[in-house]
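**Student:** Here it is, the structure in full.
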Amino acid sequence: MTIEGFYDPIRKYFYILAKVYLGGKPYTVNLMVDTGASITALLDRDALRIFGNKVSKLKKSKRNLVGIGGFADTYYVENVKIELIDSKNPELKHTTTLNRLYVVTHHKHFRGEEWKKVSQLPSILGRDILFKARKIIFDFSTTPPKLKIEFP
Amino acid sequence: MWVGWFMSKTALLYERKSDELLKLKGYYVAILDGEIVDKDKDFFKLLQRLRKKKVKIENIIIDYIPEKPVELIV
């Protein structure tokens, strides 16, 4: 099965549309494809939208994750179902489960303009999901460029 | 919600109608089914307003359109 992403020409990011199931509810998120990230994580905007003040009640991660400027509060949720949705055909979905979905926030450490910079960062689709793929194609021969992820 | 044959409205907004987003530099924008439904320069005010409106927050994506994008180097 091949899932197609979409391209954000403003920031030059490739995204995959996804539904993340938390507490039985599906939350829509745009996940930026990040082959440099070892894990998939919800960052500030999605974390605060989804968990609100309860974000600090999540399980605290002991894993050493480097955030912006070294300041990040890292939590996790266990056994999270994620549907990756094809941007052209909504019927096409690849479902995967993460033992741990990380939730990374910076909002306690940054204010004002610094927070604006930090909160630009989108949630990320990392190698814990990407390495389940058989093939990943970034195609720059088209406008806009295309991303296709083929899962077994 | 999906349109045409076929592209999600969200993908359409980013890929084909990014000029709509570019008009909102410096704003946090709330996107529902590919439509911009609210905006604010303050993320927390926007989030609070969305919660008060009792919209389905799970379906809304909040993006920030930077005046100057940060370089992501890691």
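**Student:** Report, by residue number, each residue of the stretch A:7-28 that is of a type in the set (A, V, I, L, M) and over 15 Å from the mean Cα position of the chain (by Cα).
**Tutor:** Matches in the stretch A:7-28: A:Ile10 only.
**Student:** Take the stretch A:37-50 and flag every residue that is at the interface with chain B (Cβ under 9 Å from one of its Cβ atoms) and either within 16 Å of B:Thr10 (Cα to Cα) or in contact (Cβ under 8 Å) with a residue 60 or more places away in the chain (or both).
**Tutor:** A:Ala37, A:Asp44, A:Arg45, A:Asp46 - these are the residues of the stretch A:37-50 that are at the interface with chain B (Cβ under 9 Å from one of its Cβ atoms) and either within 16 Å of B:Thr10 (Cα to Cα) or in contact (Cβ under 8 Å) with a residue 60 or more places away in the chain (or both).
Results for (1) touching a residue at least 40 places away in the same chain (Cβ under 8 Å); (2) facing chain B (nearest Cβ under 8 Å); (3) out of contact with any strand residue (DSSP E or B) (no Cβ under 7 Å at 6 or more places or on another chain), shown as yes or no for each residue.
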site	(1), (2), (3)
A:Tyr7	yes, yes, no
A:Ile10	no, yes, yes
A:Ile16	yes, no, no
A:Asn30	yes, yes, no
A:Asp34	yes, no, no
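**Student:** Within the stretch B:22-38, track down each residue that is surrounded by 16 or more Cβ atoms within 10 Å (Cβ to Cβ) and either over 14 Å from the mean Cα position of the chain (by Cα) or farther than 18 Å from A:Thr28 by Cα (or both).
**Tutor:** Residue satisfying the conditions is B:Tyr27 alone.
**Student:** Here is a check on your reading of the model: is A:Tyr21 in contact with a helix residue (DSSP H, G or I) (Cβ under 7 Å, 6 or more places away or on another chain), part of a strand (DSSP E or B) and not hydrophobic (A, V, I, L, M, F, W, C)?
**Tutor:** no
**Student:** Residue under question is B:Leu12, and the condition is that it be among the aliphatic types (A, V, I, L, M), in contact with a strand residue (DSSP E or B) (Cβ under 8 Å, 6 or more places away or on another chain) and closer than 20 Å to A:Asp44 by Cα; does it hold?
**Tutor:** No: the conditions fail for B:Leu12.
**Student:** Only one of these is within 12 Å of chain B (Cβ to nearest Cβ) and in contact with a Pro (Cβ under 9 Å, 6 or more places away or on another chain): A:Pro144, A:Pro122. Name it.
**Tutor:** Of the residues listed, the single one that is within 12 Å of chain B (Cβ to nearest Cβ) and in contact with a Pro (Cβ under 9 Å, 6 or more places away or on another chain) is A:Pro144.
Computed from the coordinates by the stated procedures, all read-outs in this text should not be read as laboratory data. Computed from a predicted structure; not experimentally measured. A quick note on method: Cβ atoms are made from the backbone with ideal geometry, for glycine too, and the neighbour counts reach across all protein chains shown.
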